[in-house]
Amino acid sequence: QVQLVESGGGLVQPGGSLRLSCVASGSIFSINTMGWYRQTAGKQRELVATISSGGSTNYADSVKGRFTISRDNTKNTVYLQMNSLKPEDTAVYYCNSEARSSRYAYAMPYWGKGTLVTVSS
């Protein structure tokens with residue numbers, strides 16, 4: 001199995017910054033794409049940013065130019081640097097990875113439990 005643990009959420013003022021981290025652990029054979037998603041009450045979970053094993057990135061239009069996703073493969077960790085935060089960025093942020101467990105012959109998605117980001121004056 002693969003476990004994902006997020007950290008770095010909290011309360012920040014509009015225009016401020018936060019850095020989220022997500023560490024993957026467990027019986028990992030390989031990790032392909034990793035990413036961040038967010039969800040607020042009454043809305044479905046939406047993609048924020050993804051990064052492939054080769055470093056290719058993809059961002060939601062709403063965060064382009066403000067957020068930066070990166071990863072450290074030696075630490076099985078993905079990061080999300082969030083700058084110029086807006087109240088509309090308030091949400092629970094979930095880490096996601098497409099990974100292959102050493103117990104299975106195929107890759108599948110794994111999810112963290114989420115970390116709350118609140119942007120408010």
Rounded to 0.05, the calculated FRET efficiency for the beta carbons of ASN32 and LEU11 at R₀ = 35 Å is 0.60
Taking Cα atoms only, Rg over Rh for the range 57-116 with Rh from the Kirkwood formula is 1.03
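Just the number, please: carbon plus sulfur as a percent of the accessible area of the chain, 1.4 Å probe, no ligands or DNA/RNA counted. Numbers along the way, then the final one.
On the way: 3020 of 6410 Å².
That fraction is 47 percent.
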The simple spin-label model distance between VAL23 and LYS64, using points 7 Å out along Cα→Cβ, in nm, is 3.4 nm
Given unit charges at Cβ for Lys, Arg (+) and Asp, Glu (-), the dipole magnitude of the chain about its Cα centre in debye, nearest 20, is 120 debye
Quarter of the surface of the C-alpha convex hull for the chain, i.e. direction-averaged projected area in nm², equals 7.2 nm²
Loop-resident trypsin sites (Lys or Arg not before Pro) in the range 12-89 with no more than 14 other Cβ atoms inside 10 Å, DSSP not H/G/I/E/B, are LYS43, LYS64, LYS75
Here, TYR104 and GLN81, labelled 7 Å along Cα→Cβ, have an inter-label distance in nm of 3.3 nm
Once Lys and Arg are counted +1 and Asp and Glu -1 for all other residues with Cβ under 15 Å from that of LYS75, the total becomes 0
Counting only DSSP loop positions in the range 80-120, the trypsin sites (Lys or Arg not before Pro) whose Cβ has at most 13 other Cβ atoms within 10 Å are ARG103, LYS113
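The values are calculated or read from the model by the stated rules, or taken from the named source; none is laboratory data. Everything quoted here is computed from the prediction, not taken from an experiment. Quick reminder, even Gly has a Cβ in these numbers, built from the backbone with ideal geometry, and neighbours come from all protein chains shown. Heavy atoms of the whole protein, side chains included, go into the accessibility calculation; ligands, DNA and RNA do not. Shrake-Rupley method; radii C 1.70, N 1.55, O 1.52, S 1.80 Å.
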